[in-house]
Amino acid sequence: MDKFSQYIPKNTTGFLNQPYPPTSVVIRRPDLIQGVPDGILSLCVPIVLYWSYSTFFHIVDTYELAEKYRIHPSEEVLQRNKVTLRVVIQDVIVQHIIQTLVGLVFYKLDPVPTTGYEQREMWYLKQRLPPFFKWNDTIANLFVYYGYWYGLSATKIIIAFVIIDTWQFFLHRLMHVNKTLYRKFHSRHHKLYVPYAFGALFNDPFEGFLLDTVGAGLAAIFTGLTPRESMVLYGFSTLKTVDDHCGYSLPFDIFQIIFPNDSIYHDIHHQHFGIKSNFSQPFFTFWDKFFGTTFHGVDQYKQSQQKITLERYKEFLASRQKSRIQKQQQQHSKVERYSDSEDEPDHQKKEQ
């Protein structure tokens, strides 16, 4: 079993195997980027990722790079949506300002991140392991090391996912059940019948604050996330939310592969026939299943949209081919006219 020792950094073996806990000297944790506190960076990361990922899909839209995978034909964005891109972007900027201001308040209240105590905690963690893990020191050390550095963080973040899903499901559902709340707040988001990436956080400011800012903040607080773990949570949640509204069903999209709550699932909720279903967001669908609010035609909707998209894609390819032929003919005509104009003086000279 010693072959497993190669997966453990050498400097960890000594203190994990010694009979007494190592001493610890607690100091301020160095920032990932010098001069930028991790707490501030955790506020910047989701904003940068939101605009970067949304811009990526906007480029895909503009240059028609993935027409084969569109959920809706491109013309429906202009025909069915009741709000302009400019207004959408303005609302998202407002939400980012609000979430940043709230984040700055909690940043000031949070304790300064520290380090230097990790080896001591890992030593005590190993002492508390059940006998099953202690039959081999290498296995025990491997479990403690990776469990402490990665397993605990991953567990906390997954629990945070569940908290966010729970928070958003019940508030989101309430926004639809209560007509006053829907009319005053949530109806704004549903002006986008055909979702696109920039519109992922297009909400009434109050709703955006309550659903997204408060929900993610509570998840981070309840799970005790560090600034770096919060960075992962906020960044991943942002990317997932943008992906849910991207307007594409991509076979190679990691978010749509891992999570059942994908762009098609959420697109149904934006349609008039699915507005009272598929409330779950942004990760899982278990609350919809538990309360019976899952749309009972997800597979059929996927198939019908794929059929429509395929037909439109064939039209798109034919149109593009026709456009290329026309351009080639125009270029050929220009070349012929240019050749004629070059030959004309020589011809006139010969006649003289």
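Where a number appears in this text, it was derived from the coordinates with a stated rule and is not lab data. Given the structure is predicted, the values throughout are model-derived calculations rather than measurements. Note that we place each Cβ from the backbone using ideal geometry, even for glycine, and neighbour counts take in every protein chain shown.
Taking region 166-205 and a reference point 7 angstrom along Cα→Cβ of residue 253, the backbone N atoms nearer than 13 Å belong to 195-200. Packing order of peptides 175-184, 261-270, highest average first: 261-270, 175-184 (average count of other Cβ atoms within 10 Å over each peptide's residues). Summary of packing: across the peptides 30-43, 232-245, the per-residue average of other C-beta atoms within 10 Å ranks them, highest first, as 232-245, 30-43.
Between the beta carbons of residue 128 and residue 149, assuming R0 = 22 Å, the FRET efficiency works out to 0.85 to the nearest 0.05.
For residue 248, the amide hydrogen comes within under 5 Å of the amide hydrogens of 71, counting only partners 5 or more places away or on other chains and with H modelled in the peptide plane. Think of region 11-295 as a dipole: +1 on every Lys or Arg Cβ, -1 on every Asp or Glu Cβ, centred on the Cα centre; then among 85, 254, 147, 147 lies furthest on the positive end. A simple count of charges around residue 226, restricted to other residues whose Cβ falls under 10 Å of its Cβ and scoring Lys, Arg +1 and Asp, Glu -1, yields 0.
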